[in-house]
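The values are calculated or read from the model by the stated rules, or taken from the named source; none is laboratory data. All of these numbers come straight from a predicted model, not from anything done at the bench. Cβ atoms come from the backbone with ideal geometry, glycine included; neighbour counts cover every protein chain shown.
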Amino acid sequence: MGALSGKVARIKLCSQAITKSTDEAATLSTDGVTLSIDTAAKRHWARSLTSTPIVYIAGSTAVAVSSSNYAVNYAAGTLTFATSRSTSLATTVDVNYHTASYLGLSKHWSLEADVALHDVTAFSTSTGTAQWRSYKPGLSGATVTLNRFLDDSTGRDFYDLLNAETDLVLELIPSTGAGGYQGYGWVEQDSPVSEMDGLAMETVNVRVDDQLSYTTSL
């Protein structure tokens, strides 16, 4: 049976600090389109305007590739070229990345992804009348909900992010060896609750900002 057990789910949260790294070895996928650096721990990239990864293709000398030739997925740390490139040439990337670590005190996470469907139903052009509606997919979005225990620490990860209006990178791992979901987001709501006869808890809602990715290369 292929069912997953929620007891082994994991959450990773990236630090706000940015680390610069140069000449990171990278590998192109077999189709020559998708590029990722080999060190998985450095794949959550800073997405500030000054942090665009710089790609170098080896030859007699390393030559930088214009950023107009590829799209960047900052949360997953991948580059997608507009056209296929040779997989036989050595490639390196200069990146600014965030360090991810496991988030403690969490007991539950859920992810809701959706796509807006626009009604494009039109009057029939035949003698018959329109019976069924037609839809066109629009923009996609996602929301993450985290349920966590509160402790006596003076640090409040998500309240601080909410208060400072700072974005974050989350990585949600359903099970060991099952890959994970990665994306940038903003803390939309932080709801701590403390009951007389229960444990203090908080519910955090994170609105995914830009692309949400799933990868088995963790």
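Restricting R47, R85, R43 to residues that are more than 16 Å from the chain's Cα centre (by Cα) and charged (D, E, K, R) narrows the list to R85.
Check off (1) assigned to a strand (DSSP E or B); (2) β-branched (V, I, T); (3) assigned by TED's automatic domain parsing to the domain that holds N69; (4) farther than 17 Å from G77 by Cβ for I11 and give me the number that stays unchecked. Looking at each condition in turn, I11 falls short on (3).
Of all the numbered requirements in (1) assigned to a helix (DSSP H, G or I); (2) touching a His at 6+ places or on another chain (Cβ under 9 Å); (3) among the small types (G, A, S), A75 misses one, and that requirement is (1).
Conditions (1) hydrophobic (A, V, I, L, M, F, W, C); (2) without any contact (Cβ under 8 Å) to a residue 24 or more places away in the chain; (3) surrounded by 15 or more Cβ atoms within 10 Å (Cβ to Cβ); (4) under 18 Å from G180 (Cα atoms), marked per residue:
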{"position": "I11", "(1), (2), (3), (4)": "yes, no, yes, yes"}
{"position": "C14", "(1), (2), (3), (4)": "yes, no, yes, yes"}
{"position": "E24", "(1), (2), (3), (4)": "no, no, yes, no"}
{"position": "W45", "(1), (2), (3), (4)": "yes, no, yes, yes"}
{"position": "S51", "(1), (2), (3), (4)": "no, no, yes, no"}
{"position": "Y74", "(1), (2), (3), (4)": "no, no, yes, yes"}
{"position": "T80", "(1), (2), (3), (4)": "no, no, no, no"}
{"position": "S84", "(1), (2), (3), (4)": "no, no, no, no"}
{"position": "T91", "(1), (2), (3), (4)": "no, no, yes, no"}
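Considering the conditions (1) hydrophobic (A, V, I, L, M, F, W, C); (2) surrounded by fewer than 20 Cβ atoms within 10 Å (Cβ to Cβ); (3) under 24 Å from L79 (Cα atoms), L212 is excluded by exactly one of them, (2). With the structure loaded, tell me whether Y97 is among the hydroxyl-bearing types (S, T, Y) and in contact with a helix residue (DSSP H, G or I) (Cβ under 6 Å, 6 or more places away or on another chain) or whether it fails that test. Yes, satisfied. I'm checking my understanding of the structure. Among residues of segment 181-200 that are touching a Phe, Trp or Tyr at 6+ places or on another chain (Cβ under 7 Å) and modelled with pLDDT of 95 or more, which one is nearest to F149 (Cα to Cα)? For segment 181-200, the residue satisfying everything is D190. The residue pairs whose first member lies in segment 110-128 and is touching a residue at least 12 places away in the same chain (Cβ under 8 Å) and over 29 Å from S5 (Cβ atoms), whose second member is part of a loop (DSSP other than H, G, I, E, B) and of a type in the set (G, A, S), and whose beta carbons are closer than 9 Å, counting only pairs six or more residues apart or on different chains, are D119/S134; V120/S134; T121/A130; T121/S134; A122/A130; A122/S134.
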